[in-house]
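What follows is a set of notes on a single structure, which appears directly below.
The values are calculated or read from the model by the stated rules, or taken from the named source; none is laboratory data. Since this is a predicted model, take the numbers as computed values, not measurements. Backbone-built Cβ (ideal geometry, glycine too); neighbour counts: all protein chains shown.
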Amino acid sequence: MTTPSLPAAHSPAGGCPAHAAAAPVPLGGPAFHTEPRALYRTMRHEYGPVVPVELAGGFPAWLVIGYRELHQVTADGELFPRDVGLWNQWEHIPEDWPLLPMVGRPMPSIYFSAGAEHRRHAEMVVPALEGADPFEIRGHCEQLADRLVDGICGRGTADLVAEFAEPLPVLVLARLVGFPDSEGADIARVLKDLADGGPGAQEAQSRFGEHMRRLVAAKHAVPGDDVTSRMLADPEPFTDEEYALDLMAITAAGHLTTADWISSSLRLMLTEDQFADSFTGGRRSVGDAMNEVLWEESPTQILAGRWAARDTHLGGRTILAGDMLLLGLGGANTDPLIRQELGSRPGAAHGSNSAHLAFSHGEYRCPFPAQVIAETIARTAIEVILDRLPDLELAVPPGDLVRRPSAFLRGMNALPVRFAPVGTTGDLL
């Protein structure tokens with residue numbers, strides 16, 4: 001594999017002095033999609049564990065790709081809070097900036113709040129997620145996965161991204177929060193437009209909010225056994241807008257990342273010999289493949305973000321108050337220093353080692369019950385495919401597979417496969 005060169009930088013908007021000593025790396029381009037590990041290796045060699053980068057529009061930030069440095073940032077919520085209101089670039093940010101929905105504005109939600117306000121929301125949201133019955137979650141996954149497989153199993157060919165991995169998580173999550181199945185498909189389209197960060201991201205954000213506000217109103221009128229109803233039953237007073245914002249955070253965080261976890265795990269099992277026994281009657285390597293993806297191809301490669309509460313130093317860099325720090329989860333997981341400590345190397349199988357940072361770390365990491373839900377969806381999806389279509393194989397050479405054009409998310413644009421046509425679940429009754 002060739003080592004990619006870093007793209008030329010533009011002049012940062014706003015002239016942040018924190019980047020005066022080093023030209024920032026534009027956070028985009030094909031190397032992020034095709035060879036991120038090689039790109040992170042080049043960044044680490046040229047800049048160290050904390051890299052000056054440039055977001056779309058020329059806005060400066062720091063990308064933290066050192067495992068220890070990322071652990072330090074995420075563990076210190078006072079020095080590096082998730083408080084977007086601290087950002088020293090707000091006066092330069094246009095209202096139509098395409099990354100605005102991802103970076104966020106200060107708002108009362110579990111994702112875009114810090115400190116006591118974040119904890120207030122977490123104390124309402126986390127128990128509502130914990131209240132979901134694990135057996136019921138798996139039952140929803142199996143039923144919906146079978147329904148999706150029924151739509152492709154008689155053809156002998158399929159795109160497992162568009163026709164299976166992407167729709168399944170949002171259909172399951174829609175059920176868990178209380179949506180009827182009929183709304184799942186539109187929510188999936190909205191979330192994909194939102195995650196891509198393109199020109200339609202802000203309009204998608206607006207549509208997403210409308211879905212959630214309607215759901216909150218419906219559950220006020222007729223509560224059920226779902227996450228939204230449990231949130232509404234919490235004794236702490238919240239506004240309907242706060243409920244909607246928290247539901248948006250839950251659904252958005254769990255949808256495309258879980259879809260990418262499914263498709264990347266399937267790609268690994270279809271292309272790597274050490275995981276191939278999953279398709280020949282074994283099951284041991286399903287969990288291993290899923291864990292390998294979290295280490296080597298973290299579905300969330302870069303996460304926004306943290307903001308420095310005061311001037312400080314990190315990884316040999318001077319960080320100014322209000323500077324944005326992007327969490328380079330993918331880069332940190334491939335940091336050779338942590339690999340040496342763990343006795344492994346990039347590209348090696350990790351088995352059950354779960355010291356990765358794929359779910360972030362610290363107070364603002366992905367809540368544990370949300371991790372359990374995501375893992376249940378992903379594992380069940382893969383097991384249903386193994387049971388229903390055991391002779392799956394790639395329909396194109398592995399080198400022809402195309403990644404999503406995003407520096408922030410690591411997933412497949414498509415996963416074309418072929419298999420012997422089989423009957424639907426209805427045919428088995």
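When ASP260, ASP240, ASP226 are checked against the criterion of being more than 15 Å from ILE373 (Cβ to Cβ), surrounded by fewer than 23 Cβ atoms within 10 Å (Cβ to Cβ) and of a type in the set (Asp, Glu), ASP240 stands alone in meeting it. Among the residues of segment 127-141, those that are in contact with a helix residue (DSSP H, G or I) (Cβ under 6 Å, 6 or more places away or on another chain) and either assigned to a helix (DSSP H, G or I) or charged (D, E, K, R) (or both) comprise ALA128, LEU129, GLU130, ILE137, ARG138, HIS140, CYS141. Close Cβ contacts (under 6 Å, 6 or more residues apart or on different chains) running from residues in segment 323-334 that are over 13 Å from VAL51 (Cβ atoms) to residues that are of a type in the set (D, E, K, R) comprise THR334/ARG37. The helices (runs of 4 or more DSSP H) found entirely in segment 9-115 that carry 2 or more residues being in contact with a Leu (Cβ under 7 Å, 6 or more places away or on another chain), at pLDDT 85 or above and closer than 30 Å to GLU242 by Cα are 67-75.
Residue by residue, here is whether (1) within 23 Å of the chain's Cα centre (by Cα); (2) in a loop (DSSP other than H, G, I, E, B); (3) surrounded by fewer than 23 Cβ atoms within 10 Å (Cβ to Cβ) holds:
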site	(1), (2), (3)
VAL286	yes, no, yes
MET290	yes, no, yes
VAL293	yes, no, no
ARG306	yes, no, no
ARG310	no, yes, yes
HIS313	no, no, yes
THR318	no, no, yes
ALA321	no, yes, yes
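Has segment 353-368 got at least one residue that is in a helix (DSSP H, G or I), within 26 Å of TYR40 (Cβ to Cβ), out of contact with any strand residue (DSSP E or B) (no Cβ under 6 Å at 6 or more places or on another chain) and modelled with pLDDT of 90 or more? Looking through segment 353-368, none of the residues is in a helix (DSSP H, G or I), within 26 Å of TYR40 (Cβ to Cβ), out of contact with any strand residue (DSSP E or B) (no Cβ under 6 Å at 6 or more places or on another chain) and modelled with pLDDT of 90 or more. Considering only segment 102-112, I want to know if a residue exists there that is within 20 Å of the chain's Cα centre (by Cα), surrounded by fewer than 17 Cβ atoms within 10 Å (Cβ to Cβ), closer than 18 Å to ILE250 by Cα and not basic (Lys, Arg). Looking for residues that are within 20 Å of the chain's Cα centre (by Cα), surrounded by fewer than 17 Cβ atoms within 10 Å (Cβ to Cβ), closer than 18 Å to ILE250 by Cα and not basic (Lys, Arg), one finds none in segment 102-112, hence no.
Among the conditions (1) within 22 Å of the chain's Cα centre (by Cα); (2) closer than 20 Å to PHE238 by Cα, the only one that VAL222 does not satisfy is (1).
Only one of the numbered conditions (1) surrounded by fewer than 22 Cβ atoms within 10 Å (Cβ to Cβ); (2) touching a strand residue (DSSP E or B) at 6+ places or on another chain (Cβ under 9 Å) is violated by GLY200, and that is (2). Of all residues assigned to segment 192-200, at least one qualifies as being within 27 Å of LEU386 (Cα to Cα) and in contact (Cβ under 8 Å) with a residue 12 or more places away in the chain. The residues of segment 226-240 that are of a type in the set (D, E, K, R) and modelled with pLDDT under 95 amount to a single one, GLU236. The combined condition, being on the phi > 0 side of the Ramachandran plot and surrounded by fewer than 23 Cβ atoms within 10 Å (Cβ to Cβ), is not fulfilled by GLY184.
For segment 281-303, the criterion of being under 21 Å from PHE59 (Cα atoms), modelled with pLDDT of 90 or more and touching a strand residue (DSSP E or B) at 6+ places or on another chain (Cβ under 6 Å) is met by at least one residue.
Among residues of segment 149-162 being buried (at least 18 other Cβ atoms within 10 Å of the Cβ) and not β-branched (Val, Ile, Thr), the one that is nearest to SER264 (Cα to Cα) is LEU160. Note on segment 339-351: residues that are small (Gly, Ala, Ser), at pLDDT 60 or above and on the phi < 0 side of the Ramachandran plot amount to 0.
In segment 263-280, of all residues being modelled with pLDDT under 85 and not aliphatic (A, V, I, L, M), the one that is surrounded by the fewest Cβ atoms within 10 Å (Cβ to Cβ) corresponds to ASP273.
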